[in-house]
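Asks: Before we start, here is the structure in question, set down as structure tokens.
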Amino acid sequence: MSDDFTPYALVADDDALIRMDAADILEHAGFRVHEAPGVDEALAILKNEAEGIQLLFTDVQMPPGELNGFHLAKECARMWPHIRILVASGMIEPKEGDLPEGAVFVKKPFSDEVVYDHLQNILPDGAKPERLKKRAK
């Protein structure tokens, strides 16, 4: 990733520990990270910061509220098509039509390497992380 522009990722997950872990993985892959504990907060960040956000990493289940991570992913793809999307869950497998075109599903628990491999596949050539920095466990 270019030194003059460090892109943002948005991590949306209601579980603070998982959200922090995902944010840490993405920081080690070269992103600055916004965090949101729910769909409403994530949408607010997207409305204000979408231009600088390159990646949405969202959990599926995020109570309270009627919207889930699938809804967030679809809205993000519709409103901000430049943002790449990873959707994660340990409980729900996506069915046909759940994910917007180009979005990738990650099964929880996920590892640094799994997330990094997906980043290599979904990010455009000029934005792919060069390498994953090892982080302390």
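The values are calculated or read from the model by the stated rules, or taken from the named source; none is laboratory data. Note that the coordinates shown come from a computational prediction; the quantities given were computed from them, not determined experimentally. Reconstructed Cβ throughout: ideal geometry from the backbone, glycine too, with neighbour counts over all protein chains shown.
Asks: Given (1) touching a helix residue (DSSP H, G or I) at 6+ places or on another chain (Cβ under 7 Å); (2) hydrophobic (A, V, I, L, M, F, W, C); (3) in contact (Cβ under 8 Å) with a residue 40 or more places away in the chain; (4) more than 25 Å from residue 124 (Cβ to Cβ), where does residue 12 come up short, assuming only one miss?
Replies: (4)
Asks: Could you say which residue among 101, 96, 27 is free of Cβ contacts under 8 Å to residues at least 12 places away in the same chain and within 19 Å of residue 121 (Cα to Cα)?
Replies: Values: 101 fails: free of Cβ contacts under 8 Å to residues at least 12 places away in the same chain; 96 fails: within 19 Å of residue 121 (Cα to Cα).
From the options 101, 96, 27, the qualifying one is 27.
Asks: For segment 28-45, what are the residues that are modelled with pLDDT of 95 or more and crowded, with 22+ Cβ neighbours inside 10 Å?
Replies: 36, 39, 42
Asks: Another question about this same structure. Pull up segment 51-86, narrow it to residues that are aliphatic (A, V, I, L, M) and farther than 14 Å from residue 105 by Cα, then point me to the one that is surrounded by the fewest Cβ atoms within 10 Å (Cβ to Cβ).
Replies: At the first step, the residues of segment 51-86 found to be aliphatic (A, V, I, L, M) are 53, 55-56, 60, 62, 67, 72-73, 77, 79, 83, 85-86.
Right, trim to farther than 14 Å from residue 105 by Cα and you get 53, 62, 67, 77, 79, 83.
Details: 53: 23, 62: 23, 67: 15, 77: 19, 79: 12, 83: 21.
Selected residue: 79.
Asks: Same structure, new question: For segment 30-52, give me the residue count where each residue is in a helix (DSSP H, G or I) and in contact (Cβ under 8 Å) with a residue 12 or more places away in the chain.
Replies: Taking segment 30-52 and keeping what is in a helix (DSSP H, G or I), we get 39-52.
This time we only want the ones that are in contact (Cβ under 8 Å) with a residue 12 or more places away in the chain, so: 39-43, 45-46, 49-50, 52.
Qualifying residue count for the region: 10.
Asks: To continue, here is another question. Give me the residue from segment 119-137 that is in a loop (DSSP other than H, G, I, E, B) and at pLDDT 75 or above and, out of that set, nearest to residue 56 (Cα to Cα).
Replies: Of segment 119-137, the ones in a loop (DSSP other than H, G, I, E, B) are 123-124, 128-137.
So of that shortlist, the ones also at pLDDT 75 or above come out as 123-124.
On the way: 123: 11, 124: 14 Å.
Across segment 119-137, the extreme among qualifying residues is 123.
Asks: Scan segment 75-92 and report the pairs whose first residue is outside any strand (DSSP E or B) and whose second residue is crowded, with 19+ Cβ neighbours inside 10 Å and of a type outside the set (Val, Ile, Thr), with Cβ atoms within less than 6 Å and a gap of 6+ or a chain change.
Replies: That search, which allows pairs on different chains as well, returns 76/56; 83/56; 83/76.
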